[in-house]
Amino acid sequence: MTPKRPLIIGNWKMNGVATALDEARALAAALEEKPPAAQVVLCPPATLLERLGRLLVGTDIEIGGQDCAPAVSGAYTGDVAAEMLADAGAAFVIVGHSERRVDHGESSALVAAKASAALRAGLTPIICLGESLAHRRSGEAETVVANQLDQSLPDGFGAADVCIAYEPVWAIGSGLTPSLAEIGAIHRVIRGRLMEMNSSAGQAASILYGGSVQPANAGAILALDYVDGALVGGASLRAADFEAIIRAC
Ligand code: PGA
């Protein structure tokens, strides 16, 4: 089987009006000069999707949304449909990020509905999972993540590409990461479970690690078995740092 192309995704979160487009331009120029081994995706705030898409025309960098609504259209003030993201040029969308699960009370059932909406719109969902520090300390990390996985997969799992991102809540933006052995163990559980559900889709799904990925730790994390790429927050806002992570593949 041909190995999967590593996937490095940048999540700008609610940042980017001031300098991120300039950073994206610098990143695109650097990657054009020396094409990377990895597929690169940038997920800006929804208001910047189209502008970023225009800036990246002709490059190999794809764009994605950070969240989507389950419905196609209707009376959902403030929401953005997956179809709208696709219309703005997105090919991916993050769903179930812990900043949505924790801060906005999103359940795994809602995350599954959002992932189904992404597939309906032709987007690849990046489904985020991850345990809290309390669950990590009580030895429940694998169980929590496995349950989230079971409950967050879209209806169409098996028929289309999905991407899973393991992001321990306590590692996001904190500078802390699990040990390499802990990351490897969770990724192995995720891969095993996906393959039990559907062996070909389970094999094809990319499983990313996210949470304080930096140029200094990216190489070791990306070299682990069952780790197919990274979901990068803070370090994706600086072209030099993000490029160093991309080159670590
Ligand atoms: P971080 O964020 O890289 O800043 O820890 C990762 C994420 O939230 O996706």
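Key figures
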| quantity | calculated |
| --- | --- |
| Residues 97, 104, sorted so that the one with the fewest Cβ neighbours within 10 Å comes first | 104, 97 |
| Cβ-based exposure ranking for 84, 14, 197, in which fewest neighbours within 10 Å come first | 14, 197, 84 |
| Relative contact order of segment 132-242, defined on C-alpha pairs under 8 angstrom at six or more residues apart (%) | 27 |
| Cα-based shape type of segment 1-114, given that a ≥ b ≥ c are square roots of the gyration tensor eigenvalues and the cut on a/c is 1.5 | prolate |
| Rounded, prolate or oblate (a/c below 1.5 giving rounded, otherwise prolate when a/b exceeds b/c) for segment 80-174 by Cα gyration tensor | prolate |
| Under-5 Å amide H pairs with residue 206, H placed in peptide plane, nonlocal only | 162, 164 |
| Set of aspartates and glutamates with alpha-carbon distance to residue 13 below 19 Å, sequence-local pairs under 8 removed | 22, 23, 50, 62, 67, 79, 99, 103, 106, 167, 241, 243 |
| Where GluC sites (Glu not before Pro) fall in DSSP loop in segment 131-223, at most 16 other Cβ within 10 Å | 140 |
| Zero-based 5 Å bins, Cα pair distances in segment 1-52, whole percents | 5, 17, 26, 23, 15, 9, 3, 2, 0 |
| DSSP H segments from the chain that extend 27 Å or more along their own axis, Cα-based, with Kyte-Doolittle mean of 1.6 or above | none |
| Over the chain, relative contact order from alpha-carbon pairs under 8 Å, at least 6 apart, % | 21 |
| For residue 95, residues with placed amide H under 5 Å, excluding near neighbours | 126, 127, 128 |
| Computed [θ] at 222 nm, helices only, for the chain once each DSSP H run of length n ≥ 4 contributes -39500 (n - 2.57) | -11500 deg cm²/dmol |
| Sorted by Cβ neighbour density within 10 Å, fewest at the top, the residues 41, 189 | 189, 41 |
| Length released on extending from residue 150 to residue 181, taking residue separation times 0.36 nm less the Cα-Cα span | 8.9 nm |
| More than 27 angstrom apart: percent of Cα pairs within segment 97-249 | 19 |
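No lab work stands behind these numbers, since they all come straight from the coordinates. Quick caveat, the model's predicted, so the values are computed rather than measured. A quick note on method: Cβ atoms are made from the backbone with ideal geometry, for glycine too, and the neighbour counts reach across all protein chains shown.
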